[in-house]
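Structure, as structure tokens:
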Amino acid sequence: MSRPVFHDQHSHVGDLVIPCIDVSRGRATEPSGIPHLADPTDVLAIAEAYAAGSAQKLFLDVFDSWDAVDYLPGLLRDLSTTGMSLLVSVGHGDIPSPVHAGGLLEAGADVISVSTALIDKPDTVTRVAEGYGAHRLMGVVNCRSAGPGQWRVYVHDGERSAGRDAADVARQLGELGVAAILANNIDREGTGVGFDLELVRAVATASGLPVIASGGCGSLDHLHEALGAGDSTYVLVNAMVHRGTHSVREIRDHLLAHSSFRSGLG
């Protein structure tokens, strides 16, 4: 990879928003509300709409297990034509082997996420980092609140506790040297109450890495709050763009209008 996927916030004012597409069997799991799509479950068409709105990264959250993603290399090759950096999670952050990871990287994935694999197969994650570079990995820390200032990590789509604290896992990811960490409070998903900024700060402090805020976003204000006061370097958006409530360009313009970082706008 000739250029890094993630940067310091000051250098990428036009690159703050990362749209997400949830995928199963090669299609978006829910029809998109973006206007004028011929097929609202066509992943490539949705991605092209995001790219047209100036998105520079795309998080592809593939719900299928690794034995059911024969379609994925072809999809990644198609998505590479959008020019966006592709951040890919398969089977809730699992990686069966370095060979599996390498296949997706060769097909067009820029970064592969690890969450379940970090807990269940740490040696595999280390081997992938050694073989392809830790900068080709992104940590995903899915948590539930466990009291004031405490979060417990969950894996396997939030079904099983990892028995570890979020800051502890973030510290491990920092030592491994992954490209970034997505910090997600499962309790806030779908609530629209806003990101868990305390979680984001804790993950950023423990890891020293760029952090992507995820989970609970319900308004445009939540986005610039996370970027301004929450120590987030990026924000993940899903429902508000997938349903067509706001376009990526509208979100970007709102962030720029409320940002103190006004140089290098793209």
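Side notes on the structure shown:
- Shape of the chain, Cα gyration tensor, a/c cut at 1.5: rounded
- Its DSSP H runs of at least 4 residues, each contributing -39,500 (n - 2.57), put the calculated 222 nm mean residue ellipticity of the chain at -9500 deg cm²/dmol, to the nearest 500.
- The order of Cys217, Cys143 by accessible area, most exposed first and with a 1.4 Å probe, is Cys217, Cys143.
- Per-residue SASA entry for Trp66, accessible area with 1.4 Å probe, Å² rounded to 10: 40
- Looking at the chain, the DSSP beta bridges with both ends there are about 20 percent antiparallel.
- Prolate is the label for the stretch 81-172, because a/c, from the alpha-carbon gyration tensor with a ≥ b ≥ c as root eigenvalues, is 1.5 or above and a/b exceeds b/c.
- For His135, His242, His92, the ranking by accessible surface with the largest value first comes to His135, His92, His242, using a 1.4 Å probe.
- Placed amide H near Gly33: partners under 5 Å, 5+ positions off or other chain: Arg243, Gly244
- Three-way shape label, the stretch 152-266, alpha-carbon gyration tensor, a/c 1.5: oblate
- Of the trypsin sites (Lys or Arg not before Pro) found in the stretch 136-229, no site is in coil according to DSSP while having at most 15 other Cβ atoms within 10 Å of its Cβ.
- Heavy-atom accessible area with a 1.4 Å probe sorts His156, His258, largest first, into His258, His156.
- Per-residue SASA remark: Ile119, around 40 Å² accessible (1.4 Å probe; ligands, DNA and RNA not included).
The values are calculated or read from the model by the stated rules, or taken from the named source; none is laboratory data. Given the structure is predicted, the values throughout are model-derived calculations rather than measurements. Cβ sites come from the backbone with ideal geometry, for glycine too, and all protein chains shown count toward neighbours. Side chains included, ligands, DNA and RNA excluded: accessible areas come from the protein's heavy atoms. Shrake-Rupley method; radii C 1.70, N 1.55, O 1.52, S 1.80 Å.
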